[in-house]
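**Student:** Let me give you the structure first, and then I'll get to my questions.
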Protein chains: 2
Amino acid sequence: MSALAAPDPDVRSAAAERLAGLATPAGALGRLGDLGVWLAATQGVVPPQPLDNVRLVIFAGDHGVAQHGVSAYPPAITPAMVRTFVMGKAGVSALAAAHGVSVRVLDLGVDDDLEGVPAEVRAHKVRRSSGAVHVEDALSAHEATRALEAGRTVAREEIAAGAQLLLSGDMGIGNTTPAAAMVAAALGLPAVEVTGRGTGVDDAALTHKQVVVQQALDRAGDRIADPMDALTALSSADLVATVGYLVEAAESGVPVLLDGLMSVACALYADRIAPGAAAWFAAGHRSTEPAQTLALEKLGLEPVLDLGLRLGEGSGAVAAVPVLRSAVALLRDVALLADLMPPAEGL
Amino acid sequence: MSALAAPDPDVRSAAAERLAGLATPAGALGRLGDLGVWLAATQGVVPPQPLDNVRLVIFAGDHGVAQHGVSAYPPAITPAMVRTFVMGKAGVSALAAAHGVSVRVLDLGVDDDLEGVPAEVRAHKVRRSSGAVHVEDALSAHEATRALEAGRTVAREEIAAGAQLLLSGDMGIGNTTPAAAMVAAALGLPAVEVTGRGTGVDDAALTHKQVVVQQALDRAGDRIADPMDALTALSSADLVATVGYLVEAAESGVPVLLDGLMSVACALYADRIAPGAAAWFAAGHRSTEPAQTLALEKLGLEPVLDLGLRLGEGSGAVAAVPVLRSAVALLRDVALLADLMPPAEGL
């Protein structure tokens with residue numbers, strides 16, 4: 001498979017040239033300058049267009065491991081939170097409303113029929129809960145393929161709706177356990193280095209969670225060498241769909257602002273399935289999960305925000321959207337030095 | 001002098017209680033939770049009101065040291081940038097337009113008559129350029145008093161115009177030199193620990209700048225023990241006005257989002273003049289100047305953003321405004337767990 005095309009290098013150069021010509025000291029815009037140049041390259045135009053159509057998709061699903069003491073919360077929270085997203089009353093709902101980001105929630109594998117929830121939320125459901133990855137595969141090969149295709153389909157729909165920037169969010173009690181296993185498998189690390197406290201487990205539960213992650217890795221064995229095999233063994237319907245969503249965005253040339261551990265773990269696999277995909281991704285925030293930082297390093301991404309968030313839902317990505325808008329505004333709206341003063345008086 | 005009243009402790013407790021009752025895991029909102037609680041306490045109401053009226057004042061002035069090789073840019077840039085702010089074409093103009101922040105620029109001590117610039121920009125002018133602090137006092141005692149009162153007056157005007165949050169910005173070639181001296185004097189540190197590259201001086205100029213800052217400190221001698229004496233010796237008309245603006249905001253109970261080195265150096269002196277003022281301040285961003293980080297530590301403030309910005313102008317504070325809006329949105333608009341599920345099913 002040949003690598004994906006990178007964001008346009010000629011446009012990147014032209015954007016960097018514009019940045020250097022702004023009426024600001026060289027380098028003074030720091031990462032806002034870099035982000036503006038990246039966005040211009042992804043859009044193929046200098047200066048970049050304002051980010052008026054930013055779209056978040058939350059992929060929800062349950063995880064068999066949640067029945068095995070890896071989370072501070074019971075699995076019944078997952079469907080309750082899907083309903084809360086539909087009502088627009090969750091944490092990410094508040095952030096998205098504040099920053100003009102559209103939110104769509106999809107049930108890929110919630111362990112509940114979600115009766116009364118709009119049908120479109122359940123339209124891509126693959127199964128009720130994914131397998132407990134320390135004792136069984138998360139998915140069958142067929143389910144994994146379906147989940148990947150569902151994510152691709154959803155990305156195509158969002159792009160057709162005009163998405164200039166896509167965000168991925170997650171909901172699922174227990175999901176930091178398969179996500180940690182995914183990162184460990186991709187990076188060749190032991191469970192102890194990748195496992196964090198998720199929504200807030202205590203020391204004893206953290207130790208237990210490390211054991212569960214290591215069991216999952218040991219069980220998967222050599223299958224982790226192939227990304228789809230690794231996903232089938234270690235992830236879940238919602239996480240594979242997220243991978244498909246990210247692959248499709250990158251292949252379609254639409255930039256993505258990543259969120260926390262689940263989003264970044266899936267980005268690792270998107271880049272394995274479609275090498276070069278990571279060039280289309282920026283990192284919204286640094287979560288408190290160690291595996292997220294390790295995965296970001298592997299992807300060569302530096303997060304925009306570092307606020308100690310561990311809410312999930314896409315919240316860190318949504319909170320970072322205004323920073324990308326700052327980057328666009330600077331590259332679009334600041335005077336060029338050449339326009340302010342004749343060359344002889346220039347700096 | 002008795003300490004200023006802190007943001008309302010009862011409201012702070014009530015806001016913390018609301019935060020704990022949101023339909024999010026305990027602690028999952030990280031610093032966004034803390035910022036929301038702080039804003040509620042400053043406003044005296046739970047949940048906090050949306051930040052619809054956010055106002056930046058840029059205090060502009062020249063510095064005698066700029067004639068002595070401490071900056072990468074010539075002093076003629078200062079009046080050119082004041083004109084650029086008036087045109088709305090500077091870096092901070094673009095950010096402020098993107099995030100709905102009003103911008104006012106004031107000439108406190110620009111070394112230019114600014115002919116043709118609206119009279120209100122010059123209404124508070126104290127003098128043309130402040131003294132070169134390594135060889136003479138920045139201001140006379142009378143000028144320092146006038147500058148402080150000008151800043152207080154401006155803050156009162158902004159508050160009368162409905163400011164819910166005030167930001168301070170700076171413009172003045174050479175201003176990181178007096179600001180570094182101010183921080184060194186307040187913290188009892190030698191020049192070598194506080195002096196940075198400003199808009200980007202090279203190694204030789206950085207060494208020279210350190211010598212200039214140390215000369216200023218040595219010249220000021222014991223006068224640094226009194227904050228107004230220190231300001232008279234080491235700062236400038238624009239920086240003293242910024243101190244007055246911050247003191248007035250804190251005394252009036254209006255929260256402030258600080259910017260980079262100049263803003264934070266002035267916040268140190270505002271807190272010396274009006275002990276307790278710092279409780280009304282949050283830190284917008286971490287600049288690349290070492291003295292800013294040292295001053296933030298002294299004030300007990302952790303910056304919201306860390307993007308390698310060194311533009312000045314208030315740009316880091318404006319870029320951080322959406323993060324404060326995120327904090328407000330979460331505390332206002334997320335469902336309470338008690339409203340989502342009956343107590344028996346609660347977490």
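The values are calculated or read from the model by the stated rules, or taken from the named source; none is laboratory data. These numbers were taken from a predicted model, which means no experiment stands behind them. Neighbour counts are summed over all protein chains in view; Cβ atoms, including those assigned to glycine, are modelled from backbone coordinates with ideal geometry.
**Student:** So is B:LEU307 surrounded by 24 or more Cβ atoms within 10 Å (Cβ to Cβ) and either assigned to a loop (DSSP other than H, G, I, E, B) or in the same structural domain as B:LEU95 (by the TED database) (or both) or not?
**Tutor:** Values: surrounded by 24 or more Cβ atoms within 10 Å (Cβ to Cβ): yes; either assigned to a loop (DSSP other than H, G, I, E, B) or in the same structural domain as B:LEU95 (by the TED database) (or both): yes.
So B:LEU307 fits the description; yes.
**Student:** While we're here: In segment A:144-197, how many are aliphatic (A, V, I, L, M), under 14 Å from the mean Cα position of the chain (by Cα) and closer than 23 Å to A:THR42 by Cβ?
**Tutor:** 4
**Student:** Condition first: charged (D, E, K, R) and within 26 Å of B:ARG55 (Cβ to Cβ). Now tell me which residues in segment B:94-152 satisfy that.
**Tutor:** Step one: of segment B:94-152, the residues charged (D, E, K, R) are B:104, B:107, B:111-113, B:115, B:120, B:122, B:125, B:127-128, B:136-137, B:143, B:146, B:149, B:152.
Matches in segment B:94-152: B:ARG104, B:ASP107, B:ASP112, B:GLU120, B:ARG122, B:LYS125, B:ARG127, B:GLU143, B:ARG146, B:GLU149, B:ARG152.
**Student:** Also, I was wondering about something else. Hey, A:GLY253 hits all of (1) in a helix (DSSP H, G or I); (2) modelled with pLDDT of 95 or more; (3) more than 10 Å from chain B (Cβ to nearest Cβ) but one; which does it fall short on?
**Tutor:** (1)
**Student:** Turning to a different aspect of this structure: Please find, among B:GLY253, B:GLY284, B:GLY276, the residue that is in contact (Cβ under 8 Å) with a residue 40 or more places away in the chain, crowded, with 23+ Cβ neighbours inside 10 Å and in the same structural domain as B:GLY109 (by the TED database). Lay out the reasoning, then the answer.
**Tutor:** Working: B:GLY253 fails: crowded, with 23+ Cβ neighbours inside 10 Å; B:GLY276 fails: crowded, with 23+ Cβ neighbours inside 10 Å.
B:GLY284 is the lone residue from the list that is in contact (Cβ under 8 Å) with a residue 40 or more places away in the chain, crowded, with 23+ Cβ neighbours inside 10 Å and in the same structural domain as B:GLY109 (by the TED database).
**Student:** One residue is enough: does segment A:326-338 have a residue meeting the conditions modelled with pLDDT under 95 and small (Gly, Ala, Ser)?
**Tutor:** yes
**Student:** Among residues belonging to segment A:86-105 that are of a type outside the set (A, V, I, L, M, F, W, C) and part of a strand (DSSP E or B), point out the one that is surrounded by the fewest Cβ atoms within 10 Å (Cβ to Cβ).
**Tutor:** Here is the first cut: in segment A:86-105, the residues of a type outside the set (A, V, I, L, M, F, W, C) are A:88-89, A:91, A:93, A:99-100, A:102, A:104.
When the remaining residues are screened for being part of a strand (DSSP E or B), the result is A:102, A:104.
Values: A:SER102: 15, A:ARG104: 17.
Taking the candidates together, the pick is A:SER102.
**Student:** Looking at B:PRO74, B:PRO47, B:PRO7, can you tell me which residue is in a loop (DSSP other than H, G, I, E, B), closer than 30 Å to B:ASP238 by Cα, more than 9 Å from chain A (Cβ to nearest Cβ) and touching a residue at least 12 places away in the same chain (Cβ under 8 Å)?
**Tutor:** After applying the criteria, what remains is B:PRO7.
**Student:** Looking at segment B:293-311 only, could you name the residues that are within 21 Å of B:TRP38 (Cβ to Cβ) and touching a residue at least 40 places away in the same chain (Cβ under 8 Å)?
**Tutor:** So in segment B:293-311, the residues within 21 Å of B:TRP38 (Cβ to Cβ) come out as B:293, B:295-306.
Those that are within 21 Å of B:TRP38 (Cβ to Cβ) and touching a residue at least 40 places away in the same chain (Cβ under 8 Å): B:ALA295, B:LYS298, B:LEU301, B:GLU302, B:VAL304.
**Student:** Looking only at segment A:162-169, decide whether some residue is among the aliphatic types (A, V, I, L, M) and in contact with a Phe, Trp or Tyr (Cβ under 8 Å, 6 or more places away or on another chain). Even if it seems obvious, please write down each step before you answer.
**Tutor:** Start the filter on segment A:162-169 by keeping residues that are among the aliphatic types (A, V, I, L, M), which leaves A:163, A:165-167.
If we keep only those that are in contact with a Phe, Trp or Tyr (Cβ under 8 Å, 6 or more places away or on another chain) too, we end up with A:166.
Within segment A:162-169, one or more residues are among the aliphatic types (A, V, I, L, M) and in contact with a Phe, Trp or Tyr (Cβ under 8 Å, 6 or more places away or on another chain).
**Student:** Can you tell me which residue in segment A:97-120 is nearest to the other protein chains (Cβ to nearest Cβ), limited to those that are touching a Ser or Thr at 6+ places or on another chain (Cβ under 7 Å) and closer than 30 Å to B:VAL323 by Cβ?
**Tutor:** A:ALA98
**Student:** Now for a different question. Among A:ARG18, A:ARG83, A:ARG31, which is the only one that is closer than 17 Å to A:PHE281 by Cα, part of a helix (DSSP H, G or I) and out of contact with any Asp or Glu (no Cβ under 6 Å at 6 or more places or on another chain)? Write out each step before concluding.
**Tutor:** Values: A:ARG18 fails: closer than 17 Å to A:PHE281 by Cα; A:ARG83 fails: closer than 17 Å to A:PHE281 by Cα.
It is A:ARG31.
**Student:** Among B:LEU189, B:LEU206, B:LEU167, which is in a helix (DSSP H, G or I) and in the same structural domain as B:ARG272 (by the TED database)? I'd like the intermediate steps shown before the answer.
**Tutor:** Numbers: B:LEU189 fails: in a helix (DSSP H, G or I); B:LEU167 fails: in a helix (DSSP H, G or I).
Step by step, each of B:LEU189, B:LEU206, B:LEU167 is checked, and only B:LEU206 is in a helix (DSSP H, G or I) and in the same structural domain as B:ARG272 (by the TED database).
**Student:** So B:ALA60 fits all but one of (1) among the small types (Gly, Ala, Ser); (2) in a loop (DSSP other than H, G, I, E, B); (3) in the same structural domain as B:GLY151 (by the TED database); what number is the exception?
**Tutor:** Answer for B:ALA60: the failing condition is (2).
Yes or no, residue by residue, for (1) on the phi < 0 side of the Ramachandran plot; (2) of a type in the set (A, V, I, L, M, F, W, C); (3) assigned to a helix (DSSP H, G or I); (4) in contact with a Leu (Cβ under 8 Å, 6 or more places away or on another chain):
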site: B:VAL212; (1), (2), (3), (4): yes, yes, yes, no
site: B:GLU248; (1), (2), (3), (4): yes, no, yes, no
site: B:ASP271; (1), (2), (3), (4): yes, no, yes, yes
site: B:SER287; (1), (2), (3), (4): yes, no, no, yes
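**Student:** Test A:SER263 against the stated conditions and say whether it is within 14 Å of another protein chain (Cβ to nearest Cβ), among the hydroxyl-bearing types (Ser, Thr, Tyr) and within 27 Å of A:ALA90 (Cα to Cα). Talk me through it step by step, then tell me what you get.
**Tutor:** Values: within 14 Å of another protein chain (Cβ to nearest Cβ): no; among the hydroxyl-bearing types (Ser, Thr, Tyr): yes; within 27 Å of A:ALA90 (Cα to Cα): yes.
When the stated conditions are applied, A:SER263 does not pass them.
**Student:** While we're here: Within the set of pairs 6+ apart or on separate chains, which have a first residue in segment B:16-39 that is within 23 Å of A:MET171 (Cα to Cα), a second that is of a type in the set (Phe, Trp, Tyr) and in a loop (DSSP other than H, G, I, E, B), and C-beta atoms under 9 Å apart?
**Tutor:** From segment B:16-39, the pairs are B:PRO25/A:TYR73.
**Student:** Out of segment B:112-126, which residues are assigned to a loop (DSSP other than H, G, I, E, B) and either touching an Asp or Glu at 6+ places or on another chain (Cβ under 7 Å) or in contact (Cβ under 8 Å) with a residue 60 or more places away in the chain (or both)? Working first, answer last.
**Tutor:** Looking only at segment B:112-126, we keep the residues that are assigned to a loop (DSSP other than H, G, I, E, B), and these are B:112-118, B:123-126.
Matches in segment B:112-126: B:LEU114, B:HIS124, B:LYS125, B:VAL126.
**Student:** Determine whether segment A:336-344 contains at least one residue that is within 9 Å of chain B (Cβ to nearest Cβ) and either under 21 Å from A:ALA163 (Cα atoms) or in a helix (DSSP H, G or I) (or both).
**Tutor:** Yes, the conditions are met somewhere in segment A:336-344.
**Student:** Here is a follow-up. Against the condition closer than 15 Å to B:LEU56 by Cα, within 14 Å of another protein chain (Cβ to nearest Cβ) and crowded, with 24+ Cβ neighbours inside 10 Å, how does B:LEU165 come out, does it pass?
**Tutor:** no
**Student:** Just one of (1) closer than 30 Å to A:THR78 by Cβ; (2) buried (at least 24 other Cβ atoms within 10 Å of the Cβ); (3) more than 10 Å from every other protein chain (Cβ to nearest Cβ) trips up B:LEU330, so point out which.
**Tutor:** All conditions are met except number (3).
**Student:** Take the conditions more than 10 Å from every other protein chain (Cβ to nearest Cβ), in a loop (DSSP other than H, G, I, E, B), in contact with a Lys or Arg (Cβ under 8 Å, 6 or more places away or on another chain) and not aliphatic (A, V, I, L, M) and apply them to A:PRO25. Does it pass? Walk me through how you get there before you give the answer.
**Tutor:** Values: more than 10 Å from every other protein chain (Cβ to nearest Cβ): no; in a loop (DSSP other than H, G, I, E, B): yes; in contact with a Lys or Arg (Cβ under 8 Å, 6 or more places away or on another chain): yes; not aliphatic (A, V, I, L, M): yes.
Taking the combined requirement at face value, the residue does not satisfy it.
**Student:** Which residues, counting only those in segment A:187-213, are among the polar types (S, T, N, Q) and surrounded by fewer than 19 Cβ atoms within 10 Å (Cβ to Cβ)? Before you say what the answer is, go through the steps one by one.
**Tutor:** First, pick out the residues of segment A:187-213 that are among the polar types (S, T, N, Q): A:195, A:199, A:207, A:210.
Within segment A:187-213, A:THR207 is the sole residue that qualifies.
**Student:** For segment B:280-318, how many residues are more than 14 Å from chain A (Cβ to nearest Cβ) and of a type outside the set (Val, Ile, Thr)? Write out each step before concluding.
**Tutor:** Let us first name the residues in segment B:280-318 that are more than 14 Å from chain A (Cβ to nearest Cβ), namely B:280-281, B:290-291, B:293-301.
Now narrow it down to the ones that are of a type outside the set (Val, Ile, Thr): B:280-281, B:290-291, B:294-301.
Adding up the residues that qualify gives 12.
**Student:** Just for segment A:50-72: of the residues that are surrounded by fewer than 21 Cβ atoms within 10 Å (Cβ to Cβ) and under 23 Å from A:ASP259 (Cβ atoms), which one is modelled with the lowest pLDDT?
**Tutor:** Our first condition is that a residue be surrounded by fewer than 21 Cβ atoms within 10 Å (Cβ to Cβ); within segment A:50-72, this holds for A:50, A:52-53, A:67-69, A:72.
Next, only the ones that are under 23 Å from A:ASP259 (Cβ atoms) stay: A:50, A:52-53, A:72.
On the way: A:PRO50: 98, A:ASP52: 98, A:ASN53: 98, A:ALA72: 88.
Of everything passing the filter in segment A:50-72, A:ALA72 is modelled with the lowest pLDDT.
**Student:** Does A:SER236 count as touching a residue at least 40 places away in the same chain (Cβ under 8 Å), more than 17 Å from A:ARG55 (Cβ to Cβ) and buried (at least 24 other Cβ atoms within 10 Å of the Cβ)?
**Tutor:** Numbers: touching a residue at least 40 places away in the same chain (Cβ under 8 Å): yes; more than 17 Å from A:ARG55 (Cβ to Cβ): yes; buried (at least 24 other Cβ atoms within 10 Å of the Cβ): yes.
Against the criterion (touching a residue at least 40 places away in the same chain (Cβ under 8 Å), more than 17 Å from A:ARG55 (Cβ to Cβ) and buried (at least 24 other Cβ atoms within 10 Å of the Cβ)), A:SER236 qualifies.
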